[in-house]
Amino acid sequence: MSGIWKSTDFGLTNAERKSLRESEAKEAMSDHDDAEKAFHENRERLRKARLAREATEGPMLYPAPGLPDDTLIRNVRFSTRIRNAIANVGWKTVGDIREASDATLLSLQDLGPGSVKQLRETLSLPSRDGLKPR
């Protein structure tokens with residue numbers, strides 16, 4: 001055989017196999033350390049970006065009954081489906097959602113009764129068209 005030997009190759013002596021296992025273990029640990037370092041650097045980079053964004057736009061808020069009507073939708077942690085449907089209509093604030101009837105919400109692409117019900121429950125809004133929150 002020519003090229004790189006592996007500890008699983010046939011015809012190796014026990015000493016050669018042991019030596020290869022040690023070098024393979026060191027290589028694996030080095031790869032793991034490099035990946036862990038890259039992970040932590042990326043996490044720190046994302047944290048700094050989030051803090052910078054929150055400093056300019058304000059923190060991300062969870063949908064709750066007490067949100068003011070002028071709260072920007074982009075600052076509220078709605079599900080991706082709800083956020084995209086609302087963005088496609090051009091609504092900008094929680095007040096826009098509160099003013100909409102269930103029929104209007106149901107007419108939005110990708111919003112079904114379950115999504116409307118979730119919106120009504122999380123924002124503690126009464127249903128206007130018969131979709132009753134739990």
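Data for the structure
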{"read-out": "Residue list for the range 97-122, filter: surrounded by 18 or more Cβ atoms within 10 Å (Cβ to Cβ) and either closer than 15 Å to GLY66 by Cα or hydrophobic (A, V, I, L, M, F, W, C) (or both)", "value": "ILE97, ALA100, LEU105, LEU108, LEU111, VAL116, LEU119, ARG120, THR122"}
{"read-out": "Matching option when the condition is surrounded by 10 or more Cβ atoms within 10 Å (Cβ to Cβ), of a type in the set (A, V, I, L, M) and more than 20 Å from the chain's Cα centre (by Cα), among ALA28, ALA38", "value": "ALA28"}
{"read-out": "Failed item in (1) open to solvent by 60 Å² or more (accessible area, probe 1.4 Å); (2) touching a strand residue (DSSP E or B) at 6+ places or on another chain (Cβ under 9 Å), with GLU22 passing the rest", "value": "(2)"}
{"read-out": "Matching residues, the range 41-56, being open to solvent by 80 Å² or more (accessible area, probe 1.4 Å) and under 14 Å from ASN75 (Cα atoms)", "value": "ARG50, ARG53, ALA55, THR56"}
{"read-out": "Subset of the range 61-92 [of a type in the set (S, T, N, Q), more than 19 Å from the chain's Cα centre (by Cα) and open to solvent by less than 30 Å² (accessible area, probe 1.4 Å)]", "value": "THR71"}
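The values are calculated or read from the model by the stated rules, or taken from the named source; none is laboratory data. All figures in this text were calculated on a predicted structure; none of them were measured in a lab. Note that each Cβ is placed from the backbone with ideal geometry, even for glycine, and that neighbours are counted across all protein chains shown. Keep in mind that these areas ignore ligands, DNA and RNA; they rest on the heavy atoms of the full protein, side chains included. Shrake-Rupley method; radii C 1.70, N 1.55, O 1.52, S 1.80 Å.
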